[in-house]
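A quick write-up on the structure given underneath.
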Amino acid sequence: MRYGKEIGKKPITDKFIWAACIDCGKERWVRWRQGQPQFLKCPSCAHKGLRTNPDTQFGGIRGYRTKPGSENHNWKGGRTNFSGYIAIKLQPDDFFYSMAFCNGYVFEHRLVMAKHLGRNLHRWEIVHHKGTKYPSGSMENRSDNRLENLLIIVTGSNSNLHSGKVICPYCKKEFRVR
C-alpha cells in the first residue's frame, strides 16, 4: 500500500494498492477505500458491453447500467412531451414500430392517424393539427390528438394548408380548412 504522492497519483493523501482486475488480470494502482480496493475491474473491463448489453437502455447516462422500460425507476408509462408534442414508446414487435424514431418513440398524432387508417404512414405524409388553441387562445395545442382535430397531408401541401385549402392525397379533392 502506497500514498498517492509516492506513486504520482492524486489525491496525494489517499492510499493506493497494486491490484489485478478480476476479469482480465491486468494489474494497476487502485485507490484503497474502507479496507478494500475501490474498483475491482480495470476501466476497459468495467465499460465492456455496456452499450450493447440488452439489459441497458441506450447505454444509460454516461454508460451506467439502467433498467429498460417499465423496470426503470423513472418510467412514466411510455409517454413523454417533446416540444409540446406527445411521444409514445412502442415495442419492437408493434405493427407501427417502423414509424418510430431510433429510440422507439413515435409522435402520438401520427400514431392516432395511422391506427385510424389501419396502416403505417409514409415519411412524406404530414399529420397536421387543424388549429385548436389553448383555452387562453395563445397558440396551437399540439397535445390535442383527437381524430377530428387531425388532418393528413403530403409534403408540399403544407404551404397550401396555411392559405386555407388542402388537396386530399387520396381522392385528389380540394377542400377548405378553418
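Would you tally the residues in segment 15-49 being exposed (fewer than 15 other Cβ atoms within 10 Å of the Cβ) and part of a loop (DSSP other than H, G, I, E, B)? Here the count works out to 11.
Could you check how many residues of segment 1-13 are under 19 Å from K41 (Cα atoms) and in contact with a Gly (Cβ under 7 Å, 6 or more places away or on another chain)? Full working, then the answer.
So the first thing to find is which residues in segment 1-13 are under 19 Å from K41 (Cα atoms), and the list is 1, 9.
Next, only the ones that are in contact with a Gly (Cβ under 7 Å, 6 or more places away or on another chain) stay: none.
Counting residues in segment 1-13 that are under 19 Å from K41 (Cα atoms) and in contact with a Gly (Cβ under 7 Å, 6 or more places away or on another chain) gives 0.
Of the residues in segment 81-123, how many are among the charged types (D, E, K, R) and modelled with pLDDT under 90? Step through it out loud before you land on a result.
Residues of segment 81-123 that are among the charged types (D, E, K, R), as a first pass: 89, 93-94, 108, 110, 115, 119, 123.
Okay, now just the ones that are also modelled with pLDDT under 90, so 123.
Looking only at that region, the number is 1.
Among the conditions (1) farther than 22 Å from I153 by Cα; (2) in contact with a strand residue (DSSP E or B) (Cβ under 8 Å, 6 or more places away or on another chain), the only one that D93 does not satisfy is (2).
Only residues that are surrounded by 12 or more Cβ atoms within 10 Å (Cβ to Cβ), among the basic types (K, R) and outside the structural domain of C102 (by TED's automatic domain parsing) were counted across segment 76-92, and they come to 0.
The values are calculated or read from the model by the stated rules, or taken from the named source; none is laboratory data. As the structure is a prediction and not an experimental result, all values here were calculated from the model. Cβ sites come from the backbone with ideal geometry, for glycine too, and all protein chains shown count toward neighbours.
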